[in-house]
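Take a look at the structure set out below.
Nothing in this text is a laboratory measurement; each read-out follows from the coordinates by a stated rule. From a predicted model like this one, the values you see are computed outputs, not experimental measurements. Virtual Cβ from ideal backbone geometry, glycine too; neighbours counted across all protein chains shown.
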């Protein structure tokens with residue numbers, strides 16, 4: 001590792017193969033915590049290259065515990081995290097609305113490293129038990145329309161660096177990797193990114209997969225549709241900027257989508273919204289993200305059709321029913 005660090009400190013970059021080798025070695029605990037921290041810190045000081053990111057992704061996917069969801073065409077809604085905005089769990093809530101609308105979801109998530117409550121924190125608080133058992137995950141997706149894939153159970157390297165990420169408390173390149181290494185290989189992805197440079201990198205990488213994807217970035221820095229400002233939307237067809245009115249029928253204030261100070265508070269907000277008892281602003285943001293995800297599948301004529309399907313899922317109680325079914329299956 002010392003040679004690699006010296007190489008990087010000279011402002012050089014790793015090839016795809018070199019990056020893959022380093023992350024493979026990290027997952028095997030071949031380096032001490034100080035070396036790994038120094039390595040991660042390099043990418044806090046400079047941008048990651050596409051080759052480096054590809055190499056890290058290659059390593060995680062090769063080492064991952066494989067998931068077979070019996071040919072279900074699944075969707076994932078995931079943000080890179082690390083936007084520092086401390087919103088409530090918008091992506092995870094959107095997943096249940098999408099599941100309630102009839103689209104199967106394989107949600108990939110982790111504990112919050114730079115936020116109070118990541119998707120794994122809130123799911124655990126709600127009573128979900130993490131697992132990587134194929135049979136049980138298939139049962140969940142068939143009965144509840146959704147299963148949850150806790151990243152460290154599927155990616156040894158993420159488990160190894162978990163304590164380091166938490167101690168650093170800032171976003172690292174692992175935030176960038178999360179959306180690209182869902183072990184269920186979903187057919188559709190809605191990916192939220194925290195800056196336009198990451199949007200460009202993701203566009204390049206996702207174009208190569210041949211799968212349907214939508215990348216979103218709120219122009220005031222959120223890694224989701226926040227409705228606090230315009231949103232950049234990128235798909236295979238191109239890119240556009242859409243207003244809060246176009247996406248969610250209203251503009252909201254930053255304080256309207258605050259996520260609370262504790263995991264318990266985050267779970268309380270989550271349950272309130274999923275039951276249909278959220279504020280107008282909370283509902284609008286979740287519905288906009290769910291609608292964009294549904295629109296990404298190509299199964300709706302236009303965005304407004306997808307939005308109406310999301311509204312129906314939330315207001316009919318189907319989204320909440322999906323959560324209740326999922327939690328009941330944990331016993």
Shape category assigned to region 2-63 from the gyration tensor of Cα positions, a/c cut at 1.5 = oblate
ask   = What span do the alpha-carbon atoms of region 67-226 cover on each of the three principal axes, reported in whole Å from largest to smallest?
value = 38, 33, 26
GNM flexibility winner over the chain from 37, 74, 214 (Cα, springs under 10 Å) = 37
request  = Stick to Cα atoms and the Kirkwood definition of Rh, then tell me Rg/Rh for region 258-315.
outcome  = 1.06
remark   = With a ≥ b ≥ c from the Cα gyration tensor eigenvalues, square-rooted, and the rule rounded for a/c under 1.5, otherwise prolate when a/b > b/c and oblate otherwise, region 31-160 is prolate
key: Cα-Cα P(r), the chain, percent of pairs per 10 Å interval   = 6, 28, 36, 23, 7, 1
inquiry  = Placing one identical point scatterer on every Cα of region 47-102 and ignoring solvent, what is log10 I(q)/I(0) from the Debye formula at q = 0.13, 0.14, 0.30 Å⁻¹?
reply    = -0.58, -0.67, -1.10
request  = Under 1.5 on a/c is rounded, so check that first for region 150-216, then, if it is not, pick prolate when a/b is larger than b/c and oblate when it is not; a ≥ b ≥ c are the square roots of the alpha carbon gyration tensor eigenvalues.
outcome  = oblate
query = Which of the peptides 88-96, 17-25, 159-167 is most tightly packed, and how do the rest follow, judged by the mean count of other Cβ atoms within 10 Å per residue?
reply = 88-96, 17-25, 159-167
query = Where does the chain land at 222 nm, in deg cm²/dmol rounded to the nearest 500, when only DSSP H runs of n ≥ 4 count, each adding -39500 (n - 2.57), divided by all residues?
reply = -15000 deg cm²/dmol
inquiry  = For region 225-331, take the convex hull of the Cα atoms, compute a quarter of its surface area, and give me that in nm², please.
reply    = 7.8
